[in-house]
Amino acid sequence: MEGIAGTFGYNDAQLVKRMLRRVSHRGPDSSAVAEDDGATLGARQAKVGRRGAGRPLAEMDGVVLASDSCLFNREALHERFIGPVEGPFLDQDLLAEMYARLGARMFSRLDGGFAVAVSDRGRTVLARDRYGIKPLYISGGAGRGAYSSEIKSQLLAGDDLAPFPPGRVFVQGKGYAPIGRVRGGPPAESPRGKADTLRALVVDGVRGALEGDQRVNILLSGGIDSSVVASAASLVSDDIRSVCVGSEGGEDMAMARAVAEALGTDHEEVLYDVDRMLDTLGDAVCAAETFDYPLVRSCIPNFIATHSFGDRSRVTLCGEGGDEIFAGYDYMREIRGEKRLRAERLSLLKGGHMTGFQRVDRMTASASLDGRMPLMAGPVVDLGLSVGRRLLLGPRREQSKMLLREAFADLLPAEVMARRKQRFSDGAGSMHALVDYSERTISDDEFERERRALPGGRIRTKEELLYFRLFSERFGDSGSVLNAVGFTPRP
C-alpha cells in the first residue's frame with residue numbers, strides 16, 4: 001500500500017511533503033520525494049507481507065514511478081518483462097521496467113487495483129484501474145495541477161478537486177484516454193462445470209493477493225462473500241486471523257463464528273454498543289471521506305474491525321464485489337432480460353469507486369492495512385458477468401449468488417450457505433441505533449433548514465445530516481468536494 005502525492009507543471013516539494021503527511025496512515029514505514037523539471041512526485045509506503053517497506057519510488061533512466069497497487073497477475077508480468085521470480089519484489093520496480101518498454105500502453109496489461117504516478121523527465125503520467133479499486137484525486141488542467149491518494153491531502157492543493165476517473169490514463173499536456181485492456185481467451189472450464197472453474201479462479205485471486213505470504217487477515221462478516229474468500233484463503237494458508245464486529249445478538253457474529261470454526265481461523269469477536277459507535281463516528285467519517293449514509297453505516301463496524309488487527313504487515317482480505325458480480329441484491333430479481341441484468345451489475349461495479357470500494361480502501365488504510373478484494377480479480381469478474389440468471393438466482397427470493405455458493409458449499413456450514421443477503425450494517429447491528437440517535441438529537445426544523453442549503457436533495461435523512469455535519473467540519477462544503485462524495489441508492 002502507498003500514499004501518493006505530486007504536482008505537474010510546477011515544482012512544490014513542500015506542498016507534496018505536507019500532502020504526504022496527511023496520508024501518513026497509508027505509508028507509515030518509509031517516504032520519499034523526487035523533483036524533476038516542472039514536476040514533484042512523492043510517496044509513502046507501508047510494509048506489506050515479508051518483503052519489507054522497500055523504496056516508495058522506483059527510479060530508472062530519468063523516470064520516477066510510484067504505485068499504490070494490488071496486481072493479481074504481478075508474478076506473470078514479472079516473468080514476462082523481467083524474468084523468473086526468485087524472491088519478494090516491489091510493484092513499482094516491475095512497473096518501471098514495463099513503462100520503459102511499453103510506456104503508457106502498459107496499463108492495459110495490469111489486472112487488479114492500481115493508482116500509478118510517473119514523472120517522465122518532467123512529463124507526468126497518471127493512471128487508475130478500470131473499477132477505481134485504488135483511490136486517486138486530481139485538480140488543475142491538462143498542463144498544470146496536483147494529485148494525491150485522498151481528499152484530505154488533495155485539499156491542501158485547493159478545493160477544486162475531482163476523483164481521477166477509473167479506467168483512464170492521463171498524460172500531461174494531452175489529457176485523458178482509456179487504458180484499454182488486453183484480453184485473453186476465456187478460462188478453460190473445469191470438466192465438472194462452471195462452479196469448479198469459479199472456485200479455482202477465486203483461489204487464484206486469493207493467492208495473487210497474498211504475494212507469496214501465507215499470513216493473512218480476513219474481515220469476516222459471516223455473509224456469503226467474506227465466507228467464500230475465507231474458505232479460499234484456507235486452501236492456500238494455515239495462518240489466518242479473522243475478525244467479526246457486531247452488536248450483542250447480531251446475526252453476523254453467529255455466522256462468522258460458524259465459518260471460523262469450520263475453517264480453523266484464529267478468530268476474534270468485537271462487540272460494540274451505541275456509545276462506542278458514537279465515539280467512533282467522527283473518526284470513521286474522516287477516514288471514509290463521505291457522508292453517504294448507507295456507506296457510513298457500514299464504515300463504522302469496518303473501522304472498528306480493521307483497528308482490531310494487531311499485525312498490519314499482513315494482507316487484509318474482504319469479500320467486496322461479490323454482490324455486484326453475482327447479483328446479490330434483492331432488487332436484481334425484478335430486472336428482466338439477461339442483457340439488462342448484466343448491465344446493472346456492470347454499472348454497480350463501475351460506481352463502486354465512490355461507494356463500497358471506497359469503504360474497503362479507506363477503512364483498511366486508516367489502520368495502515370493493505371485491504372484487498374480477491375473477488376475483483378479479472379478472471380473472476382469476467383466469469384461472473386458472463387453467466388446469467390439461471391446460474392445466479394434460485395427459485396426462492398432468498399436464493400442469490402447461486403454459482404458462488406455452489407463453488408464453496410463443501411467448505412462452509414450449511415446455515416451460512418443458506419443465508420439471505422443482508423446489508424452489512426443490518427447484520428452488524430449498526431443501522432437502527434444510528435437512526436434512533438439521529439431522530440432524537442436533530443429536530444424537524446433543523447433538518448429542513450440544513451438540508452435545503454445543499455443542492456440536489458443531497459441530505460435525505462436526519463441520519464445523513466448527522467454525518468454531513470461531521471464531514472463538513474473536516475472537508476468543507478465546496479461544490480467540488482461534495483461532487484467527490486458518492487451517492488448510494490437504496491432500491
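Residues being small (G, A, S), crowded, with 24+ Cβ neighbours inside 10 Å and out of contact with any Cys (no Cβ under 6 Å at 6 or more places or on another chain) are represented in the stretch 304-318 by at least one member.
Has the stretch 428-443 got at least one residue that is open to solvent by 40 Å² or more (accessible area, probe 1.4 Å), of a type in the set (A, V, I, L, M) and within 16 Å of T280 (Cα to Cα)? Yes, the conditions are met somewhere in the stretch 428-443.
Being touching a residue at least 40 places away in the same chain (Cβ under 8 Å), outside any helix (DSSP H, G or I), more than 21 Å from M1 (Cα to Cα) and open to solvent by less than 30 Å² (accessible area, probe 1.4 Å) is a description that does not apply to V216. Annotation note: Cβ proximity below 6 Å between a residue of the stretch 372-393 that is under 18 Å from A343 (Cα atoms) and in contact (Cβ under 8 Å) with a residue 40 or more places away in the chain and a residue that is charged (D, E, K, R) and assigned to a helix (DSSP H, G or I) (sequence gap 6+ or interchain) occurs for L385/R342; G388/E338; L393/R333.
Tell me, yes or no, whether the stretch 101-111 has at least one residue that is closer than 26 Å to F357 by Cα, acidic (D, E), in a loop (DSSP other than H, G, I, E, B) and out of contact with any Pro (no Cβ under 6 Å at 6 or more places or on another chain). Among the residues of the stretch 101-111, at least one is closer than 26 Å to F357 by Cα, acidic (D, E), in a loop (DSSP other than H, G, I, E, B) and out of contact with any Pro (no Cβ under 6 Å at 6 or more places or on another chain), which makes the answer yes. Open to solvent by less than 40 Å² (accessible area, probe 1.4 Å), more than 28 Å from R144 (Cα to Cα) and at pLDDT 95 or above - does that describe any residue in the stretch 101-113? For the stretch 101-113, residues open to solvent by less than 40 Å² (accessible area, probe 1.4 Å), more than 28 Å from R144 (Cα to Cα) and at pLDDT 95 or above: present.
Can you tell me which residues in the stretch 77-100 are among the aliphatic types (A, V, I, L, M) and open to solvent by 20 Å² or more (accessible area, probe 1.4 Å)? Of everything in the stretch 77-100, those that are among the aliphatic types (A, V, I, L, M) and open to solvent by 20 Å² or more (accessible area, probe 1.4 Å) turn out to be I82, V85, A100. Here the condition is being farther than 20 Å from A209 by Cβ and not in a strand (DSSP E or B); of V48, V33, V16, it holds for V16 alone. Kindly evaluate S237 against the criterion of being in a loop (DSSP other than H, G, I, E, B) and either polar (S, T, N, Q) or buried (at least 17 other Cβ atoms within 10 Å of the Cβ) (or both). Yes: the conditions hold for S237.
The set of residues in the stretch 32-55 being small (G, A, S), closer than 13 Å to E2 by Cβ and modelled with pLDDT under 95 consists of A46, A53, G54.
The listed residues are L369, L341, L348, and the only one of them that is without any contact (Cβ under 8 Å) to a residue 60 or more places away in the chain and open to solvent by less than 30 Å² (accessible area, probe 1.4 Å) turns out to be L341. Take the conditions (1) within 20 Å of the chain's Cα centre (by Cα); (2) free of Cβ contacts under 8 Å to residues at least 12 places away in the same chain; D275 misses just one of them, which is (1).
Annotation note: of D29, D61, the sole residue that is open to solvent by 20 Å² or more (accessible area, probe 1.4 Å), under 22 Å from the mean Cα position of the chain (by Cα) and without any contact (Cβ under 8 Å) to a residue 40 or more places away in the chain is D29. Condition check for R333 on (1) crowded, with 18+ Cβ neighbours inside 10 Å; (2) under 24 Å from G193 (Cβ atoms); (3) of a type outside the set (V, I, T): one failure, at (1).
Among the residues making up the stretch 119-133, those that are surrounded by fewer than 21 Cβ atoms within 10 Å (Cβ to Cβ) and either of a type in the set (S, T, N, Q) or assigned to a loop (DSSP other than H, G, I, E, B) (or both) are R121, G122. Among residues belonging to the stretch 381-408 that are assigned to a loop (DSSP other than H, G, I, E, B), open to solvent by less than 50 Å² (accessible area, probe 1.4 Å) and out of contact with any Ser or Thr (no Cβ under 9 Å at 6 or more places or on another chain), point out the one that is modelled with the lowest pLDDT. The qualifying residue modelled with the lowest pLDDT is Q399. When the stretch 245-281 is examined, which residues are found to be open to solvent by less than 10 Å² (accessible area, probe 1.4 Å), small (G, A, S) and in a helix (DSSP H, G or I)? Residues satisfying the conditions are A256, A260.
Exactly one residue out of S221, S227, S139 is part of a loop (DSSP other than H, G, I, E, B), under 30 Å from S366 (Cβ atoms) and among the polar types (S, T, N, Q): that is S221. Take the residues in the stretch 161-188 that are at pLDDT below 85 and loosely packed, with under 13 Cβ neighbours inside 10 Å, then tell me which one is nearest to F326 (Cα to Cα). Residue satisfying both the conditions and the ranking: P186. Regarding the stretch 145-164, can at least one residue be identified that is without any contact (Cβ under 8 Å) to a residue 24 or more places away in the chain and either of a type outside the set (V, I, T) or in a helix (DSSP H, G or I) (or both)? Yes, the conditions are met somewhere in the stretch 145-164.
Give E86, E79 a once-over and let me know the one that is on the phi < 0 side of the Ramachandran plot, free of Cβ contacts under 8 Å to residues at least 12 places away in the same chain and part of a loop (DSSP other than H, G, I, E, B). Only one candidate passes the filter, namely E86. If you go through the stretch 348-380 and keep only what is outside any helix (DSSP H, G or I), touching an Asp or Glu at 6+ places or on another chain (Cβ under 8 Å), under 19 Å from A232 (Cβ atoms) and not aliphatic (A, V, I, L, M), you end up with just G371.
The values are calculated or read from the model by the stated rules, or taken from the named source; none is laboratory data. All figures in this text were calculated on a predicted structure; none of them were measured in a lab. Every residue, glycine as well, gets a Cβ built from its backbone with ideal geometry; the counts of neighbours run over all protein chains shown. Accessible surface is based on the protein model in full, side chains and every heavy atom, while ligands, DNA and RNA are left aside. Shrake-Rupley method; radii C 1.70, N 1.55, O 1.52, S 1.80 Å.
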